[in-house]
């Protein structure tokens, strides 16, 4: 897998993402500056976390207008893999590549803690390598991570299997206490209808090595690699 | 600067000169008469667009709720809701056709200045 890790002014998780793909998984990876207009021969794109443009106006609102995003949209239209993490998720929703929006956390506090994620849909390039029944313990760090979508949109993404991860407690129940930010239906991550673009607020790249205390997040990136070698049939 | 009946002056708010105090829409109070602003702003002789952005009613507004709780803590009653939004003022350099300007600005609002999934907006063009 050749992975392009985007960099915007204010991105701060780009190095972690590249490290996981390149050094932990041994894949090819490189940075792509937001002003570039081409993704080269990348098989996958990661839009990393951070505070692009200082979260000015809205998180991800200005980054979505960067020159590279035209190439990302074309890449996604062709079926290329795009993963947005935290601010990357915000950028992808702002760009219209993912449904819904991210708003201020319910309790108005910046949350910095570990969460448990239940994988809801395993038939995507981002979840196919996550063992069934295995929850991921992944850190979150955000102030605007509350996922919102209107009722019709929620019904739509539920019916099309677009909800990829939910916040759950240690018993696997998606209750209010396990929801760090007030997201509707405890949604932590979603994908588009086709299944090739995904986003999540938690940081799997910070839970991909045992030395950091958690490694269950690596399965997200392993899924992408697996898809590149043995593609899952995407939705039309 | 306005003072509430309690005698406390918690937040600087400018009154709309032609409207009563609207507890529900504090951001509208930013549409003040320039001559009474007292803000020391430089005189501007072009067109201005004033855009008020508020969260959609269906979206939970924790900031608005917190502000409401704090106002009630200070003893203010009769507040149905508070919505915290944004105010943008766009100074336009060219005296173009008003209709064309409005079309462009509405497009900018829908594509960039607001997120239509979670925000509503109002747009007003002011001639100086």
Alpha-carbon spread of segment A:66-117, three principal axes, descending order, Å: 38, 21, 18
Is the C-alpha gyration tensor of segment A:106-163 telling us rounded, prolate or oblate? Criteria: a/c under 1.5 is rounded; beyond that, a/b larger than b/c is prolate, otherwise oblate. oblate
Identify the residues of segment B:84-124 with backbone N under 20 Å of a label point that sits 7 angstrom from the Cα of residue A:108 along the Cα-to-Cβ direction, or state none. B:84-87, B:119
Which residue, A:160, A:203, A:142, tops the fluctuation ranking in a GNM of chain A built on C-alpha contacts under 10 Å? A:160
Would you kindly state how much longer the chain becomes between residue A:78 and residue A:65 on full extension, computed as 0.36 nm times their sequence separation minus their alpha carbon distance, in nm to one decimal? 2.7 nm
What is the order of B:122, A:37, fewest Cβ neighbours within 10 Å to most? A:37, B:122
Those residues of segment A:110-146 whose amide nitrogen sits under 16 Å from the label point placed on residue A:235, 7 Å along Cα→Cβ: A:120-128
Taking chain A as a Gaussian network, Cα atoms linked when under 10 Å apart, which of A:178, A:170, A:59 shows the biggest mean-square fluctuation? A:170
Please label the shape of segment A:2-95 as rounded, prolate or oblate, based on the square roots a ≥ b ≥ c of the eigenvalues of the alpha-carbon gyration tensor (a/c under 1.5 means rounded; beyond that, a/b larger than b/c means prolate, else oblate). oblate
Cα extents of segment B:67-128 along the three principal axes, largest first, in whole Å? 48, 31, 15
Estimated FRET transfer efficiency (residue A:155, residue B:125; beta-carbon r; R0 30 Å; 0.05): 0.15
For a quick check: sort A:136, A:1 by the number of other beta carbons within 10 angstrom, fewest at the front. A:1, A:136
Footprinting proxy, B:57, B:65, A:64: sorted fewest to most Cβ within 10 Å, the residues are B:57, B:65, A:64
Each residue of A:90-96 has, on average, a number of other protein chain C-beta atoms within 10 Å of its C-beta equal to 1
Rounded to the nearest 5, what is the percent of antiparallel bridges among the DSSP beta bridges in segment A:2-229? 55
Projected convex hull area of chain A, Cα atoms, direction-averaged, in nm², equals 11.4
Förster-model FRET efficiency, 45 Å R0, residue B:76 and residue B:97, C-beta, rounded to 0.05: 0.50
Note to self: C-alpha centroids of segment A:1-43 and segment A:208-236 sit apart, in Å, by 15
By average C-beta atoms within 10 angstrom, highest first, the peptides A:82-89, A:222-229, B:100-107, A:123-130: A:82-89, A:123-130, A:222-229, B:100-107
Once you average over the residues of B:111-119, how many Cβ atoms of partner chains fall within 10 Å of each Cβ? 6
Grab the DSSP H runs of the protein assembly as shown that are 4 residues or longer, score each as -39,500 (n - 2.57), total them, divide by all residues and round the 222 nm result to the nearest 500 deg cm²/dmol. -5500 deg cm²/dmol
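Every number here is computed from the coordinates shown, using simple stated rules; none is lab data. Model, not experiment: these values are computed from the prediction. Here the Cβ is made from the backbone with ideal geometry for all residues, glycine too, and neighbour counts use every protein chain on show.
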